[in-house]
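Peer 1: Here's a structure for you.
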Amino acid sequence: MRKDEGAATTSAELRAHNLARLLRAVHGGGGQLTRAELTRQLSLARGTATVLVRELAGRQLIEELASPADAPADIKVPRTRGRPTGVPSAHPQGPVALAVDLRDDSFTLAAFELTGRCTVLDRQEREAGSGTGVLADVAVRLKIRRRQFGGRVVGTGVAVPSPVSAGQMVQPTLPDWQDVDVAAVLGSGIGEDGMAAEEGPILAGNDATLAGLAEARRGVLRGVSVALHLHVATGIGGVLLSGGLPVTGAHGSAGEFGHMPLTGGSGPCRCGSVGCWELDAGARGLLRAAGQPEEGDRMLHAEQVIAAAGTDPGCAQALARVAESLGRGIGALVNAQDPEAVGLSGLAAEMYQAAPAAVRAGYLATLMRFRRSEPPALLPSTLGELGALTGASELVFDAFLTPRGLGAWPAPEQKTA
Ligand SMILES: [Zn+2]
């Protein structure tokens, strides 16, 4: 439970609590739910909901539309007692979460509205240079975008290719990112008075973990009670989600599933351990199986192996072997964690779609017998490339959509243009 979801004791607290609940419901519903549906979902009195919606609209947090903003024209808006009910949606001057997907060789920057609508603003490949240089480039772009959106920016989420502990990249892929404090290098997000700066906090998370969070909120794992998500790139990461909330461990660095010896290997891994699953089931494993060098853009080359599997018997054999290793690891993790469904993104989704029989063979081989009659479904991602970015934006909205977060949202007349 969130800290500020505890008992509200005064009527002002109750009102702040209900405003945050309603706004979270608008966010969670992606701006598709009518006021009547939200009122029912939150068990509010109709009059109370009306007052709350009016206040949120007055503060430019939402705008009530006649029909959902992104709905096809032929969708009929439900009516209550003969009158149309409005659809609380993102206000055109409402809050914006900036999100960054940081990779070894590139970054993407996007803006998310309250209802989750995403606009990609910048994509930049890394030119020859250091990881420090990439972060400097990100900081410059963020500064420009924060200025562009002015007081609307309520925070910045950053997905990074490293386990994150207390905001630091603790075992990144690039050596010069080691122990980098993401918020500190991208503008602290802390104002001079020690409170959150006007543009809100900067929140970092592991990219695979955030991809899973995004699937639970807006993708294929939505509504799944206990979900396991696996993202395969050069490495394998992910997250266990219980009731939509990520289980990220005591320090925030759980979910390093690729660094478990799930497929019986014994070779040394870059992480310091031996026999790691990702050596067999990640991009490196696929390239090694296909007899290709594990250098350069490994993801791109691994995708080329998958694409060639239809015509090249060597690539087909390599894909089958690695897809089976992927399945074996998934079975072992399902034995341990008993999820209702397993989400797959990155190469995991691509391998499953290209070689479903091989993945399933490995999966069923390692599942305990009593689980085999109804194995948890394997669900390829619906968010794809936007997964980590979307998860990063959810970190920001999780912090903002609380009584405390909303308290920092200025009334329109106080906002500086
Ligand atoms: Zn490892």
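The values are calculated or read from the model by the stated rules, or taken from the named source; none is laboratory data. Note that the coordinates shown come from a computational prediction; the quantities given were computed from them, not determined experimentally. Reconstructed Cβ throughout: ideal geometry from the backbone, glycine too, with neighbour counts over all protein chains shown. The area values use the complete protein model at the heavy-atom level, side chains included, leaving out ligands, DNA and RNA. Shrake-Rupley method; radii C 1.70, N 1.55, O 1.52, S 1.80 Å.
Peer 1: Over all directions, what mean area does the Cα convex hull of the chain project, stated in square nanometres?
Peer 2: 23.1
Peer 1: Using the Cα centre as the reference, give the magnitude of the dipole from point charges on the C-beta atoms of region 237-334 (Lys, Arg: +1; Asp, Glu: -1; all else neutral), rounded to the nearest 20 debye.
Peer 2: 180
Peer 1: What length, rounded to one decimal in nm, is gained on full extension from Thr311 through to Ala408, with 0.36 nm per residue of separation minus their alpha-carbon distance?
Peer 2: 29.1 nm
Peer 1: Something else about it: Using a basic spin-label model with each label point 7 Å from the Cα along Cα→Cβ, how many nm lie between Ala12 and Ala250?
Peer 2: With each label placed 7 Å out from Cα toward Cβ, I get 4.0 nm.
Peer 1: Size of the dipole of the chain about the Cα centre, Lys and Arg at +1 and Asp and Glu at -1 on the beta carbon, nothing else charged, in debye to 20?
Peer 2: Using Cβ point charges on Lys, Arg, Asp and Glu, the chain gives about 1620 debye.
Peer 1: Sticking with this structure for a sec: Net charge within 14 Å of Arg298 by Cβ-Cβ distance, Lys/Arg positive one each and Asp/Glu negative one each, not counting Arg298 itself? Could you put the intermediate results ahead of the total?
Peer 2: Values: positive: Arg103, Arg270, Arg284, Arg288; negative: Asp104, Asp105, Glu278, Glu294, Glu295, Asp297, Glu303, Glu350.
My count for the surroundings of Arg298 gives -4.
Peer 1: Here is a further query. Which percent, nearest 5, of DSSP beta bridges in the chain are antiparallel?
Peer 2: Expressed as a percentage, antiparallel bridges in the chain total about 60.
Peer 1: Kindly identify region 181-280 as rounded, prolate or oblate by the Cα gyration tensor criterion: order the square roots of the eigenvalues as a ≥ b ≥ c, call it rounded if a/c is under 1.5, otherwise compare a/b with b/c, prolate if a/b is larger, else oblate.
Peer 2: Oblate.
Peer 1: Continuing with this model, one more query. Averaged per residue, what accessible area in Å² does the chain show with a 1.4 Å probe, protein chains only? List each step's numbers first, then the result.
Peer 2: Values: 19150 Å² over 417 residues.
Value returned for the chain: 46 Å² of accessible area per residue.
Peer 1: Could you rank Glu125, Glu55 by how accessible they are, 1.4 Å probe, largest area first?
Peer 2: So, going from the largest accessible area down, we get Glu125, Glu55.
Peer 1: 222 nm [θ] for the chain, helices only, -39500 (n - 2.57) per DSSP H run of 4+, per residue, to 500?
Peer 2: Dividing the helical sum by the residues of the chain leaves -11500 deg cm²/dmol.
Peer 1: Same structure, new question: Of the options Leu186, Thr9, Ser130, report the single residue whose Cα projects farthest towards the positive end of the charge dipole of the chain (beta-carbon charges: Lys, Arg +1; Asp, Glu -1).
Peer 2: Thr9
Peer 1: Moving on to the next point. For region 247-332, which trypsin sites (Lys or Arg not before Pro) are in a loop by DSSP, counting at most 14 other Cβ atoms within 10 Å?
Peer 2: Values: sites: Arg270, Arg284, Arg288, Arg298, Arg321, Arg328; in loops: Arg270.
Sparse-neighbourhood loop trypsin sites (Lys or Arg not before Pro): Arg270.
Peer 1: Could you work out the relative contact order of region 274-319? I mean the mean sequence separation of Cα pairs under 8 Å and 6+ apart, divided by the number of residues, in percent.
Peer 2: Computed value for region 274-319: 32 percent relative contact order.
Peer 1: Let me ask another. When only C-alpha pairs under 8 Å and at least 6 residues apart count, what is the relative contact order of the chain, in percent?
Peer 2: Once divided by the residue count of the chain, the mean separation gives 15 percent.
Peer 1: Another question, if that's okay. Based on the Cβ-Cβ distance from Ala166 to Ser225, what FRET efficiency comes out when R0 is 30 Å, to the nearest 0.05?
Peer 2: So, using R0 = 30 Å, E works out to roughly 0.55.
Peer 1: Please report, in debye to the nearest 20, how large the charge dipole of region 298-417 is about its Cα centre when each Lys and Arg carries +1 at its beta carbon and each Asp and Glu carries -1 there.
Peer 2: Approximately 360 debye in magnitude.
Peer 1: Ignoring ligands, DNA and RNA, what percent of the accessible area of the chain is carbon or sulfur (1.4 Å)?
Peer 2: Ligands and nucleic acids excluded, carbon and sulfur reach 53 percent.
Peer 1: Next question, about the same structure. Under the 0.36 nm per residue contour assumption, what length would be gained going from the current alpha-carbon distance of Arg46 and Gln32 to full extension?
Peer 2: Gain in length upon complete extension: 3.2 nm.
Peer 1: I'd like the accessible area for Glu13, computed on protein heavy atoms only with a 1.4 Å probe and all protein chains in place. Round to 10 Å², please.
Peer 2: 90
Peer 1: Something else about it: How would you classify region 301-417 from its alpha-carbon gyration tensor, with a ≥ b ≥ c the square roots of the eigenvalues: rounded for a/c under 1.5, else prolate if a/b is greater than b/c, otherwise oblate?
Peer 2: Here region 301-417 falls in the oblate category.
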